[in-house]
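Novice: Structure provided below as structure tokens; questions to follow.
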Amino acid sequence: MLEIQGLNAWYDASHVLHGVSLTVEAGEIVALVGRNGAGKTTTMRAAMGLMPKVTGSVRFDGHDLLALPAHARFRLGLAYVPEERRIVPGLTVRENLQLGLVATSGKIDMASAIDEIALSFPRLKERLDQQGMTLSGGEQQMLAIARAMIARPKMILLDEPSEGIMPVLVEEMGVLFRRMRDAGITLLLVEQNVEWALKLASRAVIIDQGEVVHESSAAALLADRAIQERYCAV
Ligand code: ATP
């Protein structure tokens, strides 16, 4: 579904990714882990078309993405939930969800899409007319994920979704991600909560100093404390 080959990325003169290659097959969850500043967010931003300078190749669902702007990548079915949730102040939960449909040019019926999404997010269903900014941190994260899902993407890039969220909601999120995977949505999951991510994922990739340093099944990495300690600061 997503094939990244030899990806290099820069912030101005600062060269932060050095030939990153990774593949995510359709319908799987892949965990992308590594210590702070390793290049995980940059990898997602580069895949989504949000980095100023990138070389290499990014293929998604049979398309070459590198020359395409972010909104064109989104229209092909690639969605991104950044670490900062970007709930829009002054808008209700329902209005925030509607923003997720803006780039779909009216192809998806808003009312039925919101009904559909509410089935997967009962906490949001009860709060559709509440101001988005008054939700708890965990609920805001759920809203950010729901807003990405509402356009029915094929794949979602999730940057630290469990960060700052109380354990009961993290568990709920895990159930949701498994359900999404079972519905055929492909997930790339960047996480500091390594154990949780490895239990959800089928495969794991570790990035360190802008390079991929390890790739294995998630179960193999879960069992390998030494590699986790070396690269994931656990
Ligand atoms: P974290 O878990 O802390 O978010 P990360 O693995 O996602 O870490 P990145 O955010 O991709 O790491 O950062 C990779 C490198 O790029 C780091 O050295 C970081 O300091 C640098 N970097 C990130 N954003 C910028 C920016 N806007 N301008 C310049 N350098 C940046």
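The values are calculated or read from the model by the stated rules, or taken from the named source; none is laboratory data. Treat the numbers as computed from the prediction; the structure is a model and nothing was measured. Note: ideal-geometry Cβ built from the backbone for every residue, glycine included; neighbour counts use all protein chains shown. Quick note on the areas: whole protein, heavy atoms, side chains included, nothing else; ligands and nucleic acids left out. Shrake-Rupley method; radii C 1.70, N 1.55, O 1.52, S 1.80 Å.
Novice: With a 1.4 Å probe and every protein chain left in place, work out the accessible area per residue of the chain in Å², rounded to a whole number.
Specialist: Per residue, the chain has an accessible area of 44 Å².
Novice: Which semi-axes, in whole Å and largest first, does the equivalent ellipsoid of region 70-192 have when worked out from the alpha carbon gyration tensor as the square roots of 5 times its eigenvalues?
Specialist: 19, 18, 14
Novice: Another question about this same structure. Based on the Cβ-Cβ distance of His18 and Ala103, what FRET efficiency does E = 1/(1 + (r/R0)^6) give at R0 = 41 Å, to the nearest 0.05?
Specialist: Working: r = 32 Å, r/R0 = 0.78.
Computed FRET efficiency for His18 and Ala103 comes out at 0.80.
Novice: Using only the alpha-carbon atoms of region 1-46, report the extent along each of the three principal axes, biggest first, to the nearest angstrom.
Specialist: Largest to smallest, the principal-axis extents are 36, 21, 14 Å.
Novice: Using +1 at the C-beta of Lys and Arg and -1 at the C-beta of Asp and Glu, which of Pro161, Thr104, Leu189 has the Cα lying farthest in the positive direction of the dipole of the chain?
Specialist: It is Thr104, whose Cα lies furthest towards the positive end.
Novice: Further question: For the chain, compute the orientation-averaged projected area of the C-alpha convex hull (one quarter of its surface), in nm². Could you put the intermediate results ahead of the total?
Specialist: Details: hull surface 48.7 nm².
With every direction weighted equally, the projected area is 12.2 nm².
Novice: Using +1 at the Cβ of each Lys and Arg and -1 at the Cβ of each Asp and Glu in region 75-162, identify which of Ala113, Leu135, Leu76 lies farthest towards the dipole's positive end.
Specialist: Toward the positive end, the furthest listed residue is Leu76.
Novice: What part of the accessible area of the chain, given as a whole %, is carbon or sulfur when the probe is 1.4 angstrom? Numbers along the way, then the final one.
Specialist: Working: 5370 of 10360 Å².
The nonpolar share, carbon plus sulfur, comes to 52 percent.
Novice: Work out, step by step, the length gained on full extension between Arg225 and Glu195: first 0.36 nm times the residue separation, then minus their alpha carbon distance; give nm to one decimal.
Specialist: Residue separation times 0.36 nm, minus the Cα-Cα distance, leaves 9.8 nm.
Novice: How much net charge surrounds Leu76 when only other residues with a Cβ under 14 Å from its Cβ are counted (Lys, Arg +1; Asp, Glu -1)?
Specialist: +3
Novice: If a/c stays under 1.5 just call it rounded; otherwise compare a/b with b/c (prolate if a/b is bigger, oblate if not). Do that for region 9-80, with a ≥ b ≥ c from the square roots of the Cα gyration tensor eigenvalues.
Specialist: Details: a/c = 1.87, a/b = 1.20, b/c = 1.56.
It is oblate, given that a/c is not under 1.5 and a/b is not larger than b/c.
Novice: Within straight cross-link reach of Lys107, meaning Cα distance under 27 Å, which lysines are found once same-chain residues fewer than 8 apart are removed?
Specialist: Straight-distance partners of Lys107: Lys125, Lys154.
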